[in-house]
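Okay, so here's the structure we're looking at.
The values are calculated or read from the model by the stated rules, or taken from the named source; none is laboratory data. For clarity, every value in this text was computed on a predicted model and none was experimentally measured. For neighbour counting, all protein chains shown are included, and Cβ atoms are generated from backbone atoms with ideal geometry for every residue, glycine included.
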Amino acid sequence: MINDILEQTAEDYFRHLGYFTQHNVKYKPNKKGPAYAVHSDIDIIGINPTKRGIERVVVVSCKSWHGGIRIKGSLDAIKRSLRRTRKIYREVAQPYWSKALKDKVYELTDQKTFVFYFCCTRYDKRHRELWEGDKEFRKNLAGCKIKLLDFEEMATAIWPEMHIITPSNSELGRLFQFIHFSGGKLHYKDLIKK
């Protein structure tokens, strides 16, 4: 079981979409020195054998801060090379970490391209394109897609199928089924309709 609730929710979400997942996969750059001695980890990696192309593999980095991702502030801090922020987003902000990530994904999946998700509690959807289209991110993860995903998007995708009697294969799905079959409703900013 994953200790971080956002990681568990994201893993449940991608399993719901048909991905086989693994979490907390260690990797590090193939360089010497104290800055490279510490491993990072892929929070979630998933492969869907029914999909082809870039959508076949997903790599998920979960940022479970209550305030979510502040897109403009984080991008500005990365551009100004603020060390702490570049470290937080090292998979996309530091080329040697991007290469190490791509190498690990290739080792595990035999695929060089994938969709890289930043999963968070929330983000300002007005600035989504700034993040997903950032030139530095796209250069460092060349050939891959970069996407944002928040809890609201995961919940609204899963909720419509909760009327199915067969128990869901995920803890998030089971929780939603309990809510549905107990007569409850999920109202997420009135976006989910019964």
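Return yes when residue 76 is without any contact (Cβ under 8 Å) to a residue 40 or more places away in the chain, more than 28 Å from residue 21 (Cα to Cα) and either of a type outside the set (A, V, I, L, M, F, W, C) or in contact with a strand residue (DSSP E or B) (Cβ under 6 Å, 6 or more places away or on another chain) (or both) and no when it is not. Walk me through it before giving the result.
On the way: without any contact (Cβ under 8 Å) to a residue 40 or more places away in the chain: yes; more than 28 Å from residue 21 (Cα to Cα): yes; either of a type outside the set (A, V, I, L, M, F, W, C) or in contact with a strand residue (DSSP E or B) (Cβ under 6 Å, 6 or more places away or on another chain) (or both): yes.
Criteria met by residue 76.
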#### Entry: From the options 126, 86, residue that is surrounded by fewer than 14 Cβ atoms within 10 Å (Cβ to Cβ), over 15 Å from the mean Cα position of the chain (by Cα) and assigned to a helix (DSSP H, G or I)
126
### Query
Taking the condition touching a Cys at 6+ places or on another chain (Cβ under 7 Å), under 30 Å from residue 176 (Cα atoms) and surrounded by 15 or more Cβ atoms within 10 Å (Cβ to Cβ), does residue 14 pass?
no
### Summary
Residue pairs qualifying under the 9 Å Cβ cut-off, at least six apart or on distinct chains, with the first in the range 48-64 being touching a residue at least 60 places away in the same chain (Cβ under 8 Å) and the second being charged (D, E, K, R) and surrounded by fewer than 17 Cβ atoms within 10 Å (Cβ to Cβ), are 54/145; 55/145; 64/4
### Message
Looking at (1) part of a helix (DSSP H, G or I); (2) over 14 Å from the mean Cα position of the chain (by Cα), which one does residue 153 not meet, given that it meets all the others?
### Response
(2)
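Among 74, 40, 61, which is the only one that is within 15 Å of residue 147 (Cβ to Cβ), among the polar types (S, T, N, Q) and buried (at least 18 other Cβ atoms within 10 Å of the Cβ)? Steps first, answer last, please.
Working: 74 fails: within 15 Å of residue 147 (Cβ to Cβ); 40 fails: within 15 Å of residue 147 (Cβ to Cβ).
The unique qualifying residue is 61.
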### Query
Which residues, taken from the range 101-122, are without any contact (Cβ under 8 Å) to a residue 60 or more places away in the chain and in contact with an Asp or Glu (Cβ under 6 Å, 6 or more places away or on another chain)?
122
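Is it fair to say residue 108 is part of a helix (DSSP H, G or I), in contact with a Leu (Cβ under 7 Å, 6 or more places away or on another chain) and among the aliphatic types (A, V, I, L, M)? Before you say what the answer is, go through the steps one by one.
On the way: part of a helix (DSSP H, G or I): yes; in contact with a Leu (Cβ under 7 Å, 6 or more places away or on another chain): no; among the aliphatic types (A, V, I, L, M): yes.
Judged against the criteria, residue 108 is not a match.
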### Filtered residues of the range 90-119 (kept if out of contact with any Ser or Thr (no Cβ under 7 Å at 6 or more places or on another chain) and farther than 17 Å from residue 46 by Cα)
93, 94, 95, 96, 98, 99, 100
### Criterion (modelled with pLDDT of 80 or more, charged (D, E, K, R) and out of contact with any helix residue (DSSP H, G or I) (no Cβ under 7 Å at 6 or more places or on another chain)) met by exactly one of 150, 134
150
